[in-house]
Amino acid sequence: MRQARADGPPRSSAIADVPRKARGDRRAVRGSGLLMVNTLVNLPMPVYSHSRIESFRHCPRKYFYRYIAKIELPEQPEQIATFLGSRVHAVLEHLYERVAKGIVPSVESLREQFDQEWASHWTPAVVIHDRGATPDDCISLGWRCIEKYYQRFHPFDQATVIGLEQMITFPLDEAGRFKMIGYIDRLTKTADGCWQIHDYKTNSSLPTQAEKDDDPQLAYYEIGIRRMWKGVEHVELIWHFLRFDHSIVSTRTPSQLDQLRAEAIATITDIEGRGDDTSRFPTHEGPLCSYCEYQQVCPARKHLYQVRVMPESDLAREPAVALVDRWAELDSKRKLLQGEQGDIDGQIEEIRQALLAIAQRDGLELIAGRRTEVAITVNDRVLFPRKGQEPEKAAELEAALRATPWWPQLSSLNVGDLRTAWESAETNSELRRILEKFVWTDRERSARLRARRDHK
C-alpha cells in the first residue's frame, strides 16, 4: 500500500525523487498475476517525476530547497486529508488484489478492512483543520468514499488488472538521457484492448473536464506504458473523485503527448542549466506560499514567518517592523493629504532606501510589518548602446552588425530586439560573439508596500 505522498524534502541520494516504497520495500509480491513492483530500484540520474517538474514550474526557489540544497526540515504532523487518502487507497488496493484472485469481497468485509486500516494507523497527532470536525466524522467520510465506489463498480469485472501501485520508469527522449518515474494507482486493460490508467482522488473539490484534459500527470504515465509495452493503441486516463462518486475520463492525441514530452524536456534542461546557484532559482509568490514548508528559510517569507510568531512586546523593538509600519502610516497620510505629500514622499524614500539596505544585508525579498509588508524586487536589465545616450558605442555596434546577415532584423538597434537576440538559446554563436562586446547588465532594486498576504 502506498502512503499518500505529501511534498517533503528528499533524502540525499541519487533516487531522492523515488517514493519510499520503491527505494527499499522488499515485501513478497502479493496477488497472483499482478505486477506488484516492490523491489529496490537503482536509477541513474537525472530521474524526474510529475511532482518534481511541477515543483520547479510553481516555484524555482522551493525546487532548489527540496531537490538541490536538500534542506532538512523538522517532521511535520500528518494532515487528515493525507491520512484519509492513504487509508482509502489501501482499501481499494486490497479490494483489487482480491478481485485479481477471482474473489469479490463483500461490502461488510471491506468495511472491516477499512476499520482495521484506520485504527492501526491513527494517532492523536493527525491534524484536522475543519472546524468542528471529529475523527469519527473523518471515518464516516472515508467509508462513504469506498462504499459509493463499491456500489458503482461491483462486481469489478470491467477490465483485467495489469498492476496495482504500478511503478513505471521510462525515458522521455530516444537517447534515454531524461528519465521519469511514476506510480499508477491501478493499471487495467479492457476486453477490447483499451489500456486504462486509474487514479483515486479524495479531494474536497471536483475539477472540470477541461481541467483534467489539461492535467499532465496521467499523460506522463501514458508515455511510460506506451514505451514499456508494445502494441498499446487506445489509452484512457481515468480520475475517480470518490467524494463525489464521479469519474472523469480523458484521452491524449499523439501530438499532445509529443508536446508534453517536449515541454518536460525543456523544463528539465532549464533546471540542469541553472546548476546549484541559488540566485538562479527565484521565488514565485502565490496563494500556496502560506502552506510552504520552507517559509523559515525563503527570503520571500522568512521575515514574515519570524514576525508571525514574534511576541507583541518584541515587535515594537524590531527595527524593520517599525519601518514597515511607519511607511504604512505615512502612506495612509499621503492618500489623505495629496496636496502636501512632498515631505511625506521624502520620508518614504528614506525609509525605502533603509529597507533596501536591510534587504540586501539580510538577504530578504520580503520585510513584514504588523499589517503590511514590503516586497523587494531585484531586476537585472540587459542593455545595449542607444544612439541618444551612447552615440559612439551605438555607432560601433551598428558598424559591427551592418556586414552580417542579421543586419536587416537588427538595423534599428532596438534594445528589445537586441535583448531577444542575446537571450535566445537559438542565437548564432557568431552573432553572440559580436553582441558580447557591447552588452551590459544594470541591476535595479525596488521596494513596494502592500497589505500582508497572510492576513485573511
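Bear in mind these aren't lab numbers, they're just calculated from the coordinates by the rules spelled out. On a predicted model such as this, the values are computed, not experimentally measured, just so you know. Cβ sites come from the backbone with ideal geometry, for glycine too, and all protein chains shown count toward neighbours.
Quick check: the angle from helix 319-336's long axis to the longest principal axis of the chain, C-alpha only, nearest 10 degrees?
Around 70 degrees separate the two axes.
DSSP loop (so not H, G, I, E, B), at most 14 other Cβ within 10 Å: list which trypsin sites (Lys or Arg not before Pro) in segment 281-356 pass both filters.
317
Which loop trypsin sites (Lys or Arg not before Pro) in segment 71-131, with loop taken from DSSP, have no more than 10 other Cβ atoms within 10 angstrom of their Cβ?
Answer in residue order: 131.
Rounding to the nearest 10 and keeping the result within 0 to 90°, find how far the Cα-based axis of helix 217-228 lies from the longest principal axis of the chain.
Result, in degrees: 60.
Among (i) 1.24; (ii) 1.00; (iii) 1.87, find the value of Cα Rg over 2.2 N^0.38 Å that was calculated from the structure presented, and write down its label.
(i)
Where Rh is the Kirkwood radius over the Cα pairs of segment 20-266, the temperature 25 °C and the viscosity 0.890 mPa s, what D in µm²/s does Stokes-Einstein return?
Diffusion coefficient, whole number: 124 µm²/s.
For residue 199, what is the net charge nearby, where nearby means another residue's Cβ is under 9 Å from its Cβ and Lys, Arg count +1, Asp, Glu -1?
Neighbourhood net charge equals +1.
Dipole magnitude of the chain about its Cα centre, charges +1 at Lys/Arg Cβ and -1 at Asp/Glu Cβ only, in debye to the nearest 20?
540 debye
So for segment 137-271, Kirkwood radius off the Cα pairs, Stokes-Einstein at 25 °C and 0.890 mPa s: how many µm² s⁻¹?
152 µm²/s
Put +1 on the Cβ of each Lys and Arg and -1 on the Cβ of each Asp and Glu in the chain; which of 337, 146, 58 then has its Cα farthest toward the positive end of the dipole?
It is 146, whose Cα lies furthest towards the positive end.
Work out the length of the dipole vector of segment 276-403 about its Cα centre, built from +1 on the beta-carbon of each Lys and Arg and -1 on the beta-carbon of each Asp and Glu, and round it to the nearest 20 debye.
Once rounded to the nearest 20, the dipole reads 200 debye.
If each DSSP helix of 4+ residues adds -39,500 (n - 2.57) and the sum is divided by the residues in the chain, what number results at 222 nm, nearest 500 deg cm²/dmol?
Dividing the helical sum by the residues of the chain leaves -13000 deg cm²/dmol.
Using DSSP to define loop residues, name the trypsin sites (Lys or Arg not before Pro) in segment 165-243 whose beta-carbon has at most 16 other beta-carbon atoms within 10 Å.
Here the sparse-neighbourhood loop sites are 177, 230.
Over 28 Å between Cα atoms, which of 70/437; 148/189; 62/179 qualify?
70/437
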